[in-house]
Amino acid sequence: MASFLFGIPTGGNIDRNANFAAQNLNQAWYIQDDWKITRKLTLTFGLRWEHEGATTERYNRSVSGYDFTTPSPIATQVKTNYAKVFSNPSLGKAFNNTVFYTLGTLVVLIPIPLILAAFLDSGRVVKQTVFRVALFLPALTSLVVVSVLFRIVLAKDGLLNAALGEAGVPHNAWLEASNLSIPAMIIVAAWRWTGINIIYFSSGLVNVPRDLYEAAALDGASAWRTFRSITLPMIQPTVLFVIVLSIIGGFQLFVEPYLLWSFGNSPGNGGLSVALLIYKTAFNNFNFGQASAMGVLLALVILVVSVIQFRLFGGRRFER
């Protein structure tokens, strides 16, 4: 059986191979120049080339997917790849999971670290540095180690269910039920990122003038009134910064579901994220054009959400 190198047979009948090479020689410069351009466009705009011949079948299954004999028009492949992306039944599930996970992390990783940072900054805590270091340590832990650790913690007979059982809460199959996949990943995110968000908020609280708090105390303002009228407006840029980082991190969700479930194969695709779907499309199904198209769409979604946030909150203060 003849073998192939760059779509040209290298074994078998020598005369036939020479004729094959001669027939394609007049296309050599076209192929070379076209390849330089389309190789970059494949990664940028989600292009992919397909073929119908058996000659280049093996090569077309390789990384580039480029057809050396009949390259398809660029515009046609752009439409084809994006059409296939929007018709992919898994995309809607992955997008919904990503949005719910991002919203869940915002609910947990904005108010809780902000309250803890304000409490640490109030002066009522002894040895604040020790607490900050202890809370920051999970952020320094490798995500691989964190995911393996939480596969043990979130197991049906794991530590979390044991602790909940002491409080009378029935055991949950955190990693076996589709509807608990997102809460499980939010738990991992809360443990890992609470400390670093506390550091962010603490850096903003340091810049709040202390005489404002003293004036509020003289006016008899309560702790909540002081927090709402002084602290929140003064640290608005920091809050916006943390929100943007959290949204970008949420939409980039990949390592947690990939390691919590073997190769990201969560039950009922409950832990499937857009980034994980891009990975599976590219490296499991070898549809690099569709994967690139998904990547472009994901980047556009993050860009639009970030611009909306800056438009809504970037130019004004919170209500006092």
Legend entry - Flag if LEU212 is in a helix (DSSP H, G or I) and either of a type in the set (Gly, Ala, Ser) or free of Cβ contacts under 8 Å to residues at least 24 places away in the same chain (or both): yes
Inset, instruction - Please determine, by comparing only the residues of the stretch 163-182 that are crowded, with 17+ Cβ neighbours inside 10 Å and part of a helix (DSSP H, G or I), which one is nearest to the chain's Cα centre (by Cα). - result: ILE182
Legend entry - Residue satisfying all of: in the stretch 125-162; hydrophobic (A, V, I, L, M, F, W, C) and not in a helix (DSSP H, G or I); modelled with the highest pLDDT among these: LEU154
Legend entry - Selection from the stretch 235-283 of residues that are surrounded by fewer than 18 Cβ atoms within 10 Å (Cβ to Cβ) and free of Cβ contacts under 8 Å to residues at least 60 places away in the same chain: PRO237, PHE241, LEU245, ILE248, GLN252, PHE254, SER262, PHE263, ASN265, TYR279, PHE283
Inset, instruction - Return the total of residues in the stretch 170-201 being over 30 Å from LEU232 (Cα atoms) and either charged (D, E, K, R) or outside the structural domain of LEU245 (by TED's automatic domain parsing) (or both). - result: 1
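The values are calculated or read from the model by the stated rules, or taken from the named source; none is laboratory data. Note that this is a predicted model, so its numbers are computed, not measured. Using ideal geometry, Cβ is built from the backbone for each residue, glycine included, and neighbour counts are taken over all protein chains shown.
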